[in-house]
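Structure, as structure tokens:
The values are calculated or read from the model by the stated rules, or taken from the named source; none is laboratory data. Please read these numbers as outputs of a predicted model, since none were measured by experiment. Note that we place each Cβ from the backbone using ideal geometry, even for glycine, and neighbour counts take in every protein chain shown. Just so you know, the surface numbers come from the protein's heavy atoms only, side chains and all, with ligands and any DNA or RNA stripped out. Shrake-Rupley method; radii C 1.70, N 1.55, O 1.52, S 1.80 Å.
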Amino acid sequence: MSTTADLIKALKKELKAAHMTYADLAQALGMAESSVKRMLARGDMPLSRIDAICRALRLDFADLARRVADSQPLLAELSQEQERAVVADKKLLLMAICVLSQWTLEQITAAYRLSEAEAVKYLAQLDRIGIIELRPLNRYRLKLAKTFRWRPHGPVMEFFREHALLDYFGGGFDGAGEGLMLVHGSIARSLAPALVERLQRVAQDFAQQHLADQRLPEQEREGYTLLLAMRSWEFAAFAQMRRAG
């Protein structure tokens, strides 16, 4: 939710963009210029006054609130509580994955056994959790950064480790556009972060391509799941055979 201070900050930007002085605003509001200056400097005023300033600027309050929401920093990670809320209901988790993929409400209800009412209910829950901002006509804006990831040891990743990893790796990875590579090696510790950064760029490229290809007809697109990982690790069965010392 936008705070009053955020709204007032945005109003000041709108006043500047409209080349409206405090004197002009005071005249439009029927107030003394000194009172307007003091009111804006405090950063606190009733919503009725903010609405009056919007009218003076010929700006819709909903547009102002949307601009404030759009300017808020995007989340690179959710809290434990937010993730716990997502995995508490499998249908809500499904909706979360769908909105991360930028699916529309129509695409979701066409693909899954969810009624429109159910889907809207879950979109509202994702809005309350903080993953999306629900907008008119059941459209939404993601509140997650392009670098977003689930918490490494959080509820969502734990859910996928327990319920999805074996299913994922059970595939042959031999279809068109599929592949599985397992590479072992010893490299300088100082180089490992750079390699991880390159993997992150691949993930970002995949996400950006997904967004770009939403313009294509649905029959020209295929759903893929990209899993990238790198860690210092040895198979437990091999570790048991290491010499002591």
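In the stretch 147-192, which residue that is among the β-branched types (Val, Ile, Thr) and over 29 Å from residue 83 (Cα atoms) is least open to solvent (accessible area, probe 1.4 Å)?
187
Considering only residues that are open to solvent by 70 Å² or more (accessible area, probe 1.4 Å) and either in a helix (DSSP H, G or I) or charged (D, E, K, R) (or both), which ones fall in the stretch 13-23?
Within the stretch 13-23, 13, 16, 17, 22 qualify.
Taking the stated definitions as given, is residue 60 within 28 Å of residue 135 (Cβ to Cβ), among the charged types (D, E, K, R) and touching a residue at least 40 places away in the same chain (Cβ under 8 Å)?
no
Name the residue, out of 10, 96, that is touching a residue at least 24 places away in the same chain (Cβ under 8 Å), under 29 Å from the mean Cα position of the chain (by Cα), open to solvent by less than 80 Å² (accessible area, probe 1.4 Å) and within 30 Å of residue 155 (Cα to Cα).
One residue alone meets the criteria, 96.
Kindly establish whether residue 79 is over 30 Å from residue 114 (Cα atoms), surrounded by fewer than 17 Cβ atoms within 10 Å (Cβ to Cβ) and not charged (D, E, K, R).
Spelling it out, it is not the case that residue 79 is over 30 Å from residue 114 (Cα atoms), surrounded by fewer than 17 Cβ atoms within 10 Å (Cβ to Cβ) and not charged (D, E, K, R).
Can you find a residue in the stretch 34-53 that is touching an Asp or Glu at 6+ places or on another chain (Cβ under 6 Å) and either part of a helix (DSSP H, G or I) or open to solvent by 50 Å² or more (accessible area, probe 1.4 Å) (or both)?
no
Is at least one residue of the stretch 118-126 among the acidic types (Asp, Glu) and within 19 Å of residue 158 (Cβ to Cβ)?
No, there is no match, as no residue in the stretch 118-126 is among the acidic types (Asp, Glu) and within 19 Å of residue 158 (Cβ to Cβ).
Residue pairs, Cβ under 7 Å, 6 or more apart or interchain, first in the stretch 99-123 and of a type in the set (Phe, Trp, Tyr), second open to solvent by less than 50 Å² (accessible area, probe 1.4 Å). List them.
Every condition considered, the pairs that remain are 112/94; 122/92; 122/95.
Quick one: how many residues across the stretch 200-222 are small (Gly, Ala, Ser) and in contact (Cβ under 8 Å) with a residue 24 or more places away in the chain?
So the answer is 2.
Name the helices (runs of 4 or more DSSP H) wholly within the stretch 161-245 that hold at least 3 residues that are within 24 Å of residue 97 (Cβ to Cβ) and under 29 Å from the mean Cα position of the chain (by Cα)?
Of the helices (runs of 4 or more DSSP H) lying wholly inside the stretch 161-245, those with at least 3 residues that are within 24 Å of residue 97 (Cβ to Cβ) and under 29 Å from the mean Cα position of the chain (by Cα) span 165-169, 192-212.
Suppose we filter the stretch 125-157 for residues that are touching a residue at least 24 places away in the same chain (Cβ under 8 Å) and not in a strand (DSSP E or B); how many remain?
Residues that pass the stated criteria total 17.
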